[in-house]
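Participant: The structure is given below, and queries will be raised subsequently.
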Amino acid sequence: MKLGNNEIYKKLMKEPITYVAGAVLLAVFQIAHFAIFQHGWGVSTTFAHWGAWLFQAMGGNVNHWSFFADEKTQATLANGLIQDGGTIRNLGIILGALIATLYASQFKIKKIKSIKQIIAAVIGGLLMGYGARMAMGCNIGALFTSIASFSLSGWIFGAFLLVGAFFGSKLLAKYFM
């Protein structure tokens, strides 16, 4: 019997889970993360740390930048990239997404349609990264973790996230499609 024909494999690896199952899994992971690490789940701050490590590796110094000046962040930068829990989680997310895509036979390398597609992706990525740092978190830290912690800021972030997604999709459709 081939693995692809196995019913358990099909259920776990090929078929998408329901929204309710996804929400329950996210809630369980959020609770486990908070119980183990005593702080909420975050993603984008680690990318700022990666940028600082890269800048320092090229001879720069971020010690006097206000974002990196506090003792906790200084300790994180001093311990190094591999010792950072955020790095391990982010790499796990990236590797897990790749494995899930491969298991579901959904990995595809698509042809780039035009230079406009590249420009839209670069501008969108830069704006999302900049917005995540200005908001002191991305959709994980500022939305999901905040709402799970019963914080009003998560709901406010969510409302403006919807507004931004609406206008961003209109701009994308008008100028890049």
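Participant: Please pick out the residue among Thr87, Thr76 that is in contact with an Asp or Glu (Cβ under 9 Å, 6 or more places away or on another chain) and part of a helix (DSSP H, G or I).
Facilitator: Thr76
Participant: Is there a residue being part of a helix (DSSP H, G or I), of a type in the set (A, V, I, L, M) and out of contact with any Cys (no Cβ under 8 Å at 6 or more places or on another chain) anywhere in segment 105-113?
Facilitator: So far as segment 105-113 goes, no, none of its residues is part of a helix (DSSP H, G or I), of a type in the set (A, V, I, L, M) and out of contact with any Cys (no Cβ under 8 Å at 6 or more places or on another chain).
Participant: Check off (1) hydrophobic (A, V, I, L, M, F, W, C); (2) free of Cβ contacts under 8 Å to residues at least 12 places away in the same chain; (3) within 25 Å of Phe144 (Cα to Cα) for Phe37 and give me the number that stays unchecked.
Facilitator: (2)
Participant: Give all pairs with beta carbons closer than 7 Å in which a residue from segment 150-166 that is closer than 23 Å to Gly124 by Cα meets a residue that is part of a loop (DSSP other than H, G, I, E, B); count only pairs at least 6 apart in sequence or on separate chains.
Facilitator: If the second residue must be part of a loop (DSSP other than H, G, I, E, B), the pairs left are Phe157/Ala135.
Participant: Within the group Ile123, Ile94, which residue is within 22 Å of Val28 (Cβ to Cβ) and in a helix (DSSP H, G or I)?
Facilitator: On the way: Ile123 fails: within 22 Å of Val28 (Cβ to Cβ).
Just one listed residue meets the conditions, Ile94.
Participant: How many residues are part of a helix (DSSP H, G or I) and of a type outside the set (Phe, Trp, Tyr) when one looks only at segment 25-61?
Facilitator: Here the count works out to 20.
Participant: Mind telling me which of the residues Gly51, Gly86, Gly42 ends up being among the small types (Gly, Ala, Ser), touching a Ser or Thr at 6+ places or on another chain (Cβ under 6 Å) and closer than 21 Å to Ala135 by Cα?
Facilitator: Gly86
Participant: Can you pull out every residue in segment 33-48 that is in contact with a Cys (Cβ under 7 Å, 6 or more places away or on another chain) and small (Gly, Ala, Ser)? Give the steps one after another, and end with the answer.
Facilitator: Going through segment 33-48, the residues in contact with a Cys (Cβ under 7 Å, 6 or more places away or on another chain) turn out to be 43-44.
Across segment 33-48, the qualifying residue is only Ser44.
Participant: Please specify each residue of segment 1-37 satisfying the condition of being in contact with a helix residue (DSSP H, G or I) (Cβ under 8 Å, 6 or more places away or on another chain), among the small types (Gly, Ala, Ser) and surrounded by fewer than 11 Cβ atoms within 10 Å (Cβ to Cβ).
Facilitator: Gly4
Bear in mind that the values in this text are calculations on the coordinates, not laboratory data. Bear in mind the structure is a predicted one, so any value in this text is a computation, not a measurement. Note: ideal-geometry Cβ built from the backbone for every residue, glycine included; neighbour counts use all protein chains shown.
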